[in-house]
Amino acid sequence: MMIAQVVQGAINDGGCPRIDTDKDGIVDSQDKCPEQPGPPENAGCPSVQQQQEQANILALQQKERNKAIKAEVTSQLNALSRTIVFNNGTAVLNQRDKRAIDEIKKIMESQPKMKFHIAGHTDSTGGTQTNLALSEQRAKSVKDYLVLSGINEERLTSQGYGEDNPIADNNTKEGRLANRRVEIFIVN
């Protein structure tokens, strides 16, 4: 059998114990901010300087969390967008591409405040102007599919970059296939 220990307080406190939750030396009954430490001259509340320092710490922590989320989302978008591969001379999405874009859509829905840019690319086969127009169509086809799937168009931009940014050697079949792609970037 356990006996509860009774804590008695001072007579002038009605026999109740003095409690200082935030350990700032000011009892809770006289502390205007009993859960935040502050000096006696500020009635137990943090000073403006302390509040600003705390706000700065919280803002820095939030910035770091946002940076980590952005890095994770970027990594996921990069992995999925690499699976969208266009046939030579086309901007047509096949069923595999649409499944990848459906997964991209889920990521975008999980981050409703993020905005995205879709960049279309081509290999070096064909003329420069033709490739620029084709890359525009590729970016637009992905954007249009996302919009039709429910992503707000105001969150998306798209642009074609033609053959100017290859990620592989255009002298090989595999390299040209890798260069016929879209990339998705977070823009905010």
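The values are calculated or read from the model by the stated rules, or taken from the named source; none is laboratory data. All values derive from a computational prediction rather than experimental measurement. Virtual Cβ from ideal backbone geometry, glycine too; neighbours counted across all protein chains shown.
Going residue by residue through region 61-82, is there one that turns out to be at pLDDT below 95, in contact with a helix residue (DSSP H, G or I) (Cβ under 8 Å, 6 or more places away or on another chain) and loosely packed, with under 14 Cβ neighbours inside 10 Å? Within region 61-82, none of the residues are at pLDDT below 95, in contact with a helix residue (DSSP H, G or I) (Cβ under 8 Å, 6 or more places away or on another chain) and loosely packed, with under 14 Cβ neighbours inside 10 Å. Candidates Thr83, Thr21, Thr74: the one that is under 20 Å from Ile151 (Cβ atoms) and either over 34 Å from the mean Cα position of the chain (by Cα) or part of a loop (DSSP other than H, G, I, E, B) (or both) is Thr83.
Against the definition (among the aliphatic types (A, V, I, L, M) and either in contact with a Phe, Trp or Tyr (Cβ under 9 Å, 6 or more places away or on another chain) or within 24 Å of Glu72 (Cβ to Cβ) (or both)), how does Ala100 come out, yes or no? It would help to see each step written out before you state the result.
Numbers: among the aliphatic types (A, V, I, L, M): yes; either in contact with a Phe, Trp or Tyr (Cβ under 9 Å, 6 or more places away or on another chain) or within 24 Å of Glu72 (Cβ to Cβ) (or both): yes.
When the stated conditions are applied, Ala100 passes them.
Only one of the numbered conditions (1) modelled with pLDDT of 95 or more; (2) of a type in the set (A, V, I, L, M, F, W, C); (3) in a helix (DSSP H, G or I) is violated by Leu58, and that is (1). Take region 100-134 and flag every residue that is part of a helix (DSSP H, G or I) and β-branched (Val, Ile, Thr). Once the filter is applied, which keeps residues that are part of a helix (DSSP H, G or I) and β-branched (Val, Ile, Thr), region 100-134 yields Ile101, Ile104, Ile107, Thr128, Thr130.
Filtered by the rule that a residue be charged (D, E, K, R) and either closer than 17 Å to Asp102 by Cα or crowded, with 22+ Cβ neighbours inside 10 Å (or both), region 136-162 gives Arg138, Lys140, Lys143, Asp144, Glu153, Arg155.
Return the residue satisfying two criteria in turn: it lies in region 114-135 and is out of contact with any helix residue (DSSP H, G or I) (no Cβ under 8 Å at 6 or more places or on another chain) and crowded, with 20+ Cβ neighbours inside 10 Å, and of such residues it is farthest from Ile184 (Cα to Cα). I'd like the intermediate steps shown before the answer.
Filtering region 114-135 for residues out of contact with any helix residue (DSSP H, G or I) (no Cβ under 8 Å at 6 or more places or on another chain) gives 117, 127-135.
Going one step further and asking which of them are crowded, with 20+ Cβ neighbours inside 10 Å, we end up with 131, 134-135.
Working: Asn131: 19, Leu134: 17, Ser135: 13 Å.
It comes out as Asn131.
Give region 148-168 a look and list any residue that's assigned to a helix (DSSP H, G or I) and either more than 19 Å from the chain's Cα centre (by Cα) or within 30 Å of Gly126 (Cα to Cα) (or both), or say none. Of everything in region 148-168, just one residue is assigned to a helix (DSSP H, G or I) and either more than 19 Å from the chain's Cα centre (by Cα) or within 30 Å of Gly126 (Cα to Cα) (or both), namely Leu148.
Among the residues of region 134-176, count how many are polar (S, T, N, Q) and within 20 Å of Leu77 (Cβ to Cβ). Write out each step before concluding.
Taking region 134-176 and keeping what is polar (S, T, N, Q), we get 135, 137, 141, 149, 152, 157-159, 165, 170-172.
Going one step further and asking which of them are within 20 Å of Leu77 (Cβ to Cβ), we end up with 135, 141, 149, 152, 157-159, 165.
Residues in region 134-176 being polar (S, T, N, Q) and within 20 Å of Leu77 (Cβ to Cβ): 8 in total.
A search for C-beta distances below 7 Å between a residue of region 36-50 that is closer than 14 Å to Thr21 by Cα and any residue that is acidic (Asp, Glu) and part of a helix (DSSP H, G or I), counting only pairs 6+ apart in sequence or on different chains, returns nothing.
Among the residues making up region 103-133, those that are more than 22 Å from Asn78 (Cβ to Cβ) and in contact (Cβ under 8 Å) with a residue 40 or more places away in the chain are Ser124, Thr125. Just so you know, in region 86-106 the residues that are surrounded by 17 or more Cβ atoms within 10 Å (Cβ to Cβ) and among the β-branched types (Val, Ile, Thr) include one that is nearest to Phe185 (Cα to Cα), and it is Ile104.
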